[in-house]
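Engineer: Before I ask anything, let me first share the structure, which is written out below as structure tokens.
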Amino acid sequence: MKDCKNIKKALSKKVFFSIVVIISAFLMVSTFCMVSGSDAKTYTIPESFTDLAKTASPTVVNIRTVRTIKGGGRVYRHFFNSPFGKEEPFHDFFDNFLGNEFQRDFKQRSLGSGFIIDKQGYIVTNNHVIEDADKIKVKLKNGKEFDAEIVGRDSNTDIALIKIKSKNNLSVLKLGDSDALKVGQWVVAIGSPFGLEHTVTAGIVSAKGRIIGSGPYDDFIQTDASINPGNSGGPLINMKGEVIGINTAIIASGQGIGFAIPINHAKSIINQLKSSGEVTRGWLGIGIQDISEELAEYYGIKEGKGVLVTEIFPGDPADEAGIKPKDIVLSVNGKKVDNTRELSMFIAAVSVGDIVKVKVLRNDVEKTFKVKIAKRKDKRVAGHTPSRSNENELGIRVVELTSEIARRFNIVEKSGVIVVDVDAESQGREAGVMVGDIIKEINRKPIETIIDYKKAIKKMKKGDSIQLFIKRINVGYVVVKLTK
């Protein structure tokens, strides 16, 4: 009997333990399902892109261009032209052995994509797809082909508008809101990569506001939806079937990295091209750069925000209004400016002739200037650096910047001392001073001559901190810290 009771007790314990395990497992599964259900509601993975592709594909076109390349074109110039210019020593060699045959004109063909934005036959694409084209052919999804004409193009943003004439109704893509786009959202790219027409790829928005150095108005959407040569000019589409970007660029060495122009930035450009065939942008007439941490500390800016004016173009709006180099632009028309990209895009959107209020920080004092916006001009580029020296301090050799040196090396600055050599084993080299740097201030005291420079350095005691305020060619203003 005792054995039976023991067996019953053991069985009861096992049954009880089993029940507890089953209940625990059930609760865990229920919780997992609830979380999964919640996640599925919030982060929905599309079952397919079939309907989206079916609706959008007829609005996407294949673009083929033909252009005439004179005298061998870019390939010839790249491989056989040299820095020697017209006196290039190998010129006679190629003339004698290759003759005119090598420089014969030839036809270059290229492929791209685009999308129809209205029933009248207007098509958006990239400028680089149709630039300098002699002929532009557009092929629709149904196989019909049309000759296209260029309505207008903008090289700064790489956007172009072309047009075809069709008697039939054309499928049109709706333009969406790229500002509402969020990182992680699903997107679809449609185009003709490598000539494979109406290829559909899907991915997510990897990042926004990417700057890749393609121009003054860089602000790209990055996506991992597969984009390849031939996709250029095609649409990047959200899950509502709206265009939120124009596929434009890839990184040659990277896979799964593509870039698209936000459609909100393109809308005003498309409208201008449609109405006048060109894009007119506002222009202040200043060179600018972002505020680095060192510059923020140097100027005592609390948040390190704003844009530093590095150059003023004579006779342009900023010059006439009274803005000067080393002013820090804080806001335009009351809108705070945090970086050069924001300022450039804000001014570019202002109509020519409009007057804007530009608030700047000058010598710790805020000033506001009324500036009448002009039409944007081409950038001015600074030149190179001299190679003579007559002064050596802290391992830094400098020479006074004269008008002759400025003229010879195409330097805008007219005063200061210019660094012509830096000892390899010196404080200057370690701190980051470079040949060609123009020293404008030392510890916020202006430096216009060698005498100013020598006095400022001599005044410092051993162990004192030295801040060099430098104008660096093709970079802007930088601050270099040393210890005497």
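Engineer: Under a plain spin-label model, where a point goes 7 Å from the Cα along Cα-to-Cβ, how far apart in nm are Glu430 and Ile355?
Structural biologist: Using points 7 Å along Cα→Cβ, the separation is 5.5 nm.
Engineer: With a cap of 14 neighbouring Cβ atoms within 10 Å, and only residues DSSP puts in a loop, list the GluC sites (Glu not before Pro) found in segment 234-299.
Structural biologist: Listed in order of number, the matching sites are Glu278.
Engineer: Under a plain spin-label model, where a point goes 7 Å from the Cα along Cα-to-Cβ, how far apart in nm are Lys182 and Glu342?
Structural biologist: It is 2.3 nm.
Engineer: Between Asp423 and Glu320, what FRET efficiency comes out of the Förster formula 1/(1 + (r/R0)^6) with R0 = 35 Å and r the beta carbon distance, rounded to 0.05?
Structural biologist: The formula returns an efficiency of 0.20 here.
Engineer: Quick one: if you stick a label point 7 Å off each Cα along the C-beta vector at Lys414 and Lys458, how many nm between them?
Structural biologist: About 2.8 nm, to one decimal.
Engineer: So, one more: Which of the GluC sites (Glu not before Pro) found in segment 125-203 are in a DSSP loop and have at most 15 neighbouring Cβ atoms, other than their own, within 10 Å?
Structural biologist: For GluC sites (Glu not before Pro) across segment 125-203 that sit outside H, G, I, E and B with at most 15 neighbouring Cβ atoms in 10 Å, the list reads Glu131.
Engineer: Could you work out how much longer the chain between Lys141 and Asn443 gets when fully extended? Use 0.36 nm per residue separation minus the Cα distance between them, nm to one decimal.
Structural biologist: Full extension from Lys141 to Asn443 adds 102.1 nm.
Engineer: Cut-off is 10 Å between beta-carbons; in what order do Ile418, Ile438 appear when sorted fewest neighbours first?
Structural biologist: Ile438, Ile418
Engineer: By the gyration tensor of its Cα atoms, with a ≥ b ≥ c the square roots of the eigenvalues, what is the shape of segment 174-276: rounded for a/c under 1.5, prolate for a/b over b/c, or oblate?
Structural biologist: rounded
Engineer: Listing Lys471, Lys455 from the residue with the fewest other Cβ atoms within 10 Å to the one with the most, what is the order?
Structural biologist: Ordered from fewest to most neighbouring Cβ atoms within 10 Å, Lys471, Lys455 come out as Lys455, Lys471.
Engineer: Only sites in a loop by DSSP and with at most 12 other Cβ atoms within 10 Å count here; which GluC sites (Glu not before Pro) in segment 411-447 make the cut?
Structural biologist: Glu425
We did not get these values from a lab; they are worked out from the coordinates using the rules stated. Only a predicted model underlies this, so the values are computations on that prediction, with no experimental measurement involved. Backbone-built Cβ (ideal geometry, glycine too); neighbour counts: all protein chains shown.
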